[in-house]
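These notes concern the structure reproduced below.
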Amino acid sequence: QVQLQQSGAELVKPGSSVKISCKASGYTFTSYDMHWIKQQPGNGLEWIGWIYPGNGNTKYNQKFNGKATLTADKSSSTAYMQLSSLTSEDSAVYFCARDGGWFAYWGQGTLVTVSS
Amino acid sequence: DIQMTQSPSSLSASLGDRVTITCRASQDIGNYLTWFQQKPGKSPRRMIYGATNLAAGVPSRFSGSRSGSDYSLTISSLESEDVADYHCLQSIQYPLTFGSGTKLEIK
């Protein structure tokens with residue numbers, strides 16, 4: 001069965017960067033887009049972008065240009081999102097979600113807390 | 001960007017009530033509309049896709065409909081396990097955009 005296992009919670013300092021992961025299993029990793037979604041506490045969901053692991057193509061929400069960088073490692077079936085120049089506005093839960101089925105599959109979420 | 005205006009933002013209803021949540025799209029999105037249920041501390045769960053299709057494993061009391069640019073999620077008879085946040089998503093155009101969410105509680 002399809003599973004997306006995300007990395008654990010992160011506590012990071014303002015101005016730093018963080019890289020979170022999403023390890024896929026149960027399907028051919030290179031055949032489906034992987035999307036990333038942000039959810040701030042008490043807020044709705046916000047789409048960040050997607051990566052197609054088959055060729056590394058990416059598409060970003062313009063709002064996250066320069067903030068988020070999506071990569072994928074085919075050898076380990078893992079998608080990554082790096083967030084840079086972190087501020088308190090980046091404190092949120094971040095989800096990965098697989099396309100190709102109307103977002104039927106989601107990771108469990110990774111909490112990123114930006115605090116000094 | 002396509003704006004998805006979701007209403008109401010919160011809803012309190014009694015067990016057994018019929019409940020409807022609506023998303024209005026600012027542009028034509030065809031049937032590229034998905035409804036998600038999200039319980040506290042959990043990932044969103046897909047409930048309805050393609051505006052009207054019930055996802056596998058979702059109880060039949062849930063349904064989706066479309067009238068023009070208005071998309072609705074209806075629960076025919078509210079049960080306690082339906083307490084959650086509900087979100088809509090348009091996936092016809094980038095950036096993908098979600099509604100602002102509806103918090104559903106039991107009265």
With criteria (1) of a type in the set (Ser, Thr, Tyr); (2) under 15 Å from residue A:6 (Cα atoms); (3) in contact with a Pro (Cβ under 8 Å, 6 or more places away or on another chain), residue A:115 comes up short on (2)
Of (1) more than 9 Å from chain A (Cβ to nearest Cβ); (2) among the small types (Gly, Ala, Ser); (3) surrounded by 19 or more Cβ atoms within 10 Å (Cβ to Cβ), residue B:101 satisfies every one except (1)
Restricting attention to region B:61-107, the residues that are in a loop (DSSP other than H, G, I, E, B) and within 27 Å of residue A:38 (Cβ to Cβ) number exactly 11
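Name the strands (runs of 3 or more DSSP E) wholly inside region B:1-60 in which the number of residues that are more than 13 Å from residue B:84 (Cα to Cα) and at pLDDT 95 or above is 1 or more.
Details: elements: B:4-7, B:10-13, B:19-25, B:33-38, B:45-49.
Ranges flagged: B:4-7, B:19-25, B:33-38, B:45-49.
For region B:27-67, name all the residues that are of a type in the set (Gly, Ala, Ser) and without any contact (Cβ under 8 Å) to a residue 40 or more places away in the chain. Talk me through it step by step, then tell me what you get.
Filtering region B:27-67 down to residues of a type in the set (Gly, Ala, Ser) leaves B:30, B:41, B:43, B:50-51, B:55-57, B:60, B:63-65, B:67.
If the condition is that a residue be of a type in the set (Gly, Ala, Ser) and without any contact (Cβ under 8 Å) to a residue 40 or more places away in the chain, then B:41, B:43, B:50, B:51, B:55, B:56, B:57, B:60, B:63, B:64, B:65, B:67 are the ones that fit.
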Exactly one of B:44, B:40 is under 27 Å from residue A:110 (Cα atoms) and more than 13 Å from the chain's Cα centre (by Cα), and that one is B:40
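The values are calculated or read from the model by the stated rules, or taken from the named source; none is laboratory data. Here the structure is a predicted model, which means the values were calculated and not measured. FYI the Cβ positions are ideal-geometry reconstructions off the backbone, even for glycines, and counts take in every protein chain you see.
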